[in-house]
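Some notes on the structure that comes next.
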Amino acid sequence: MNLDPNYITTYTNKILKEIIEYSPRLISAFIILFLGLYAIRIINRLVRKIMLKRNLEVTLSQFLGDILLWAMRILLFVTFISKLGIETSSFVAILGAMGLAVGLALQGSLSNFAGGMLIIIFKPFRDGDLIEAQGLIATVSEIQIFVTKLVTANNQVVFIPNGILSNGIITNYSIKGTRRADLTFSVSYESDIKQAKDIILDILNNNPKVLQEPKPDVFVKNLTDSAIELAVRPWANKEDFGSVFTETLESCKNAFDQAGIIIQPYVKEKSVSK
């Protein structure tokens, strides 16, 4: 088949004309794209520096910085394709439908996300705090957006979803600098109460890890059918709490044995059948 040279020339000229007419729009679109990417990088760095200067939580500042980064990128992309002459209304509608579908599919994750934001903003605990939550006592290793990473005393790593963590009861043992140990000794009725109290107080006063302000306290807590219960309340710095607790138990046991004070074992009440 023979092609008409005039036909080829006509269409070549038409294509060249379209390219020439479209070139300014194409060039301006790519200029906007490159300048926008450069501006986004500068704005993102500036915002992150401002958040760090304001002592904002590191996890929250990183997350907000990432959200801002992707929001600006999406806005720049929509501006870029709009400058190219592509209709953006249908594109925005598709993005909205995708966002709705993803939101419905990730309801549990969104709950954990909201819980993570509440934890980061209100700070019921921080990295390194010893907390009790969901029946677990552990040290906070890392607060992430969806989960909180904990490390137990036996070095097990536990991940708790932030949704249930933020909605439950949290006991933070690290907010205050000191902790009080609550111990109970059950001694027999034949024991001298004053002697037992003096022995305990002497042990507490001679332990350098036991704080003298507030002063340690020893008092009769209860009189049961089988024993006299003595409550022992020493205070310690949070890092010495475990040592004070165990050392007090061991020292009192040894001192009671030397003084002849009998530690009454727990006696379970027997039910009487009729």
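Please treat every number below as a calculation from the coordinates, not as lab data. On a predicted model such as this, the values are computed, not experimentally measured, just so you know. Neighbour counts are summed over all protein chains in view; Cβ atoms, including those assigned to glycine, are modelled from backbone coordinates with ideal geometry.
Could you let me know the centre-to-centre spacing of the range 180-214 and the range 146-175, using Cα atoms, in angstrom?
Answer, in whole Å: 34.
Search the structure for amide H atoms under 5 Å from the amide H of residue 148, placed 1.01 Å from N in the peptide plane, and list their residues when 5 or more places away or on another chain.
160, 162
If we count every other residue with Cβ under 12 angstrom of residue 41's Cβ, Lys/Arg +1 and Asp/Glu -1, where does the sum land?
+3
Only loop residues by DSSP count here, and only those with at most 15 other Cβ atoms within 10 Å; note down the GluC sites (Glu not before Pro) in the range 177-274 that meet that.
The qualifying sites are 190, 269.
Please tell me which of these pairs span more than 30 angstrom C-alpha to C-alpha: 49/83; 176/221; 123/238; 53/215?
Over 30 Å apart, Cα to Cα: 49/83; 53/215.
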